[in-house]
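First comes the structure, then the notes that go with it.
A short reminder: the numbers here are calculations on the coordinates, not readings from a lab. Note that the coordinates shown come from a computational prediction; the quantities given were computed from them, not determined experimentally. Here Cβ is always computed from backbone atoms with ideal geometry, including for glycine, and neighbour counts include all displayed protein chains.
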Amino acid sequence: MRGRYVETVVTKKRASSRDFINAYDREESSGHLAIGTAKDAGNPHWRHSLVHVLVATLSSFLFGYHLGVVNETLETISFDLGFSGNTMAEGLVVSTCLGGAFVGSIFSGWIADGVGRRRAFQLCALPMIIGASMSATTKDLWGMLLGRFFVGTGMGIGPPVAALYVTEVSPAYVRGTYGSLTQISTCLGLLGSFVIGIPAKETMGWWRICFWVSAIPAAMLALFMEFCAESPHWLLKRGRSTEAEAQFEKLLGGSHVKSAIIELSKSDRGDEVDKVKLSEFLYGRYFKVVFIGSALFALQQLSGINAVFYFSSAVFKSAGVPSDSANICVGVSNLLGSIIAMVMMDKLGRKVLLTGSFFGMAVSMGLQATAATSFVSSFAALYLSVGGMLLFVLMFSLGAGPVPSLLLSEIFPSRIRAKALAICMAVHWVINFFVGLLFLRLLEQIGPLVLYTVFGSFCLVAVFFVKKNVLETKGKSLQEIEIALMPPE
């Protein structure tokens, strides 16, 4: 049946895509297609695409796991490898991974566009396996740093590719929910790393087990992705029209294939494989959307969220709270907020969740800053500090965590989607790197009051930025969003 809709597949990639789209347009206008939009024919069943999205979220699980794996184990790692008490070396164990992620994120767009989304997932799993093995077997600091750098390159490739893939394979009416699954998977990875790291302080060498464990989901990602659907958007861009139709059938069901191709044709008219010039991102027609995306990720990191994930053990310890139980509470708060976000994403919309999330984070940082003043008793300071941190994580996971990557993969036109996400993620990792490297030193030198006030101020800036610049994308197809955002050439 699929071959009926495509008369010929020409050798030139661009002509193939153009012929394929025009064939559908001719059928639609001549009345041969008695089908309209998905709204008219009913939405495709969410089960068709769910399994593919779940496999993709393994990359998000690994992302969360490696963010948190050094939280509970950093103290014993530093003791065993001989750099205990050196805060700069401890910061490097965290930040070297982030430096690798920056390198991976720079190339992620070109990898995703060059070899496809599925192969990009498999490529991101490989350095995670190698790096985890190196960290688990190292005898010195340099081996740990090299292993963390390898893991970081995989972490840099995974998140933007996951955002791309989930956006491109999901039906519009559940795209927000599916996008939230990546954040939930990240939360589960973080929580898993906290739980697995609990015996690290009592059991000699347990931190090595923590790194070995991460190789299992990485291998699963590489294996299971072999059986998942490729993005039809990418296939059509490459001129592989018949394959794109087959993947749409796998993801949406046979009755929705033709309407999906017609919808895609609204914005895809044959220029998708043209090379995108860097000038188009810096000052051309795409500058505004790329600036919005980069600013969102920058503000997300300048809120201080990853300082909480990396160093919550140290913060709780200074407040006299057992770090293992406190870290579990952080993970549970993160997971709870992500589940609420998943339920509300396609009801309240992206913009409402983002605004409320950043405002709640500002209030939470205010509580933690208040705890650092001399105006409250030590008893009140304990509750304000711990409660403020848990509230901060909860508010982050309601919007600032899951929304940016989903929103950006929605607002970027298909022609630049992969590369624009790579640029924005590179900004994310640069700021993440310096937050991880400098947080403990800044906490020592300027104190929690000033540091938390700065973080809270960035959260308030984010509230106003979102209100002024972010477009609501709830329930809209990718093509509708692109047509609404992009001015004609």
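Here the mean projected area of the convex hull built on the C-alpha positions of segment 314-425 is 8.4 nm². Here the calculated FRET efficiency for ILE340 and TYR383, from their Cβ-Cβ distance with R0 = 41 Å, stands at 0.95, rounded to the nearest 0.05. As an equivalent ellipsoid, segment 184-242 spans semi-axes of 38, 12, 7 angstrom, where each value is the square root of five times an eigenvalue of the C-alpha gyration tensor, largest first. A simple packing score, the average count of other Cβ atoms within 10 Å per residue, orders the peptides 413-423, 177-187 as 177-187, 413-423, with the highest score first.
When the GluC sites (Glu not before Pro) in segment 201-242 are filtered for DSSP coil states and for at most 13 other beta-carbon atoms within 10 Å of their beta-carbon, the remaining sites are GLU202. The slack in the chain from VAL103 to ARG119, taken as 0.36 nm per residue of separation less the alpha-carbon distance, amounts to 3.9 nm.
Each peptide in 364-377, 444-457, 206-219, 290-303 receives the mean, over its residues, of other Cβ atoms within 10 Å, and ordering these scores from highest gives 290-303, 206-219, 364-377, 444-457. Relative contact order, whole percent, for segment 318-474 stands at 39, derived from Cα pairs under 8 Å and 6 or more residues apart. Cross-linked pairs LYS250/LYS288; LYS201/LYS351; LYS288/LYS476: Cα-Cα separations exceed 31 Å for LYS250/LYS288; LYS201/LYS351. Spin-label pair PHE464-VAL332: with each label point 7 Å from Cα along the Cα-Cβ axis, the two points sit 3.8 nm from one another. Given the C-alpha centroids of segment 196-244 and segment 335-409, what is the distance between them in whole angstrom? Measuring centre to centre over Cα atoms gives 28 Å. This ranking places SER333, SER193 by how few other beta-carbon atoms lie within 10 Å of each, fewest first, which gives SER333, SER193.
Volume of the convex hull of segment 70-117 (Cα atoms only), normalised per residue: 87 Å³. Taking 7 Å steps out from each Cα toward its Cβ at PHE291 and VAL195 produces label points 4.5 nm apart.
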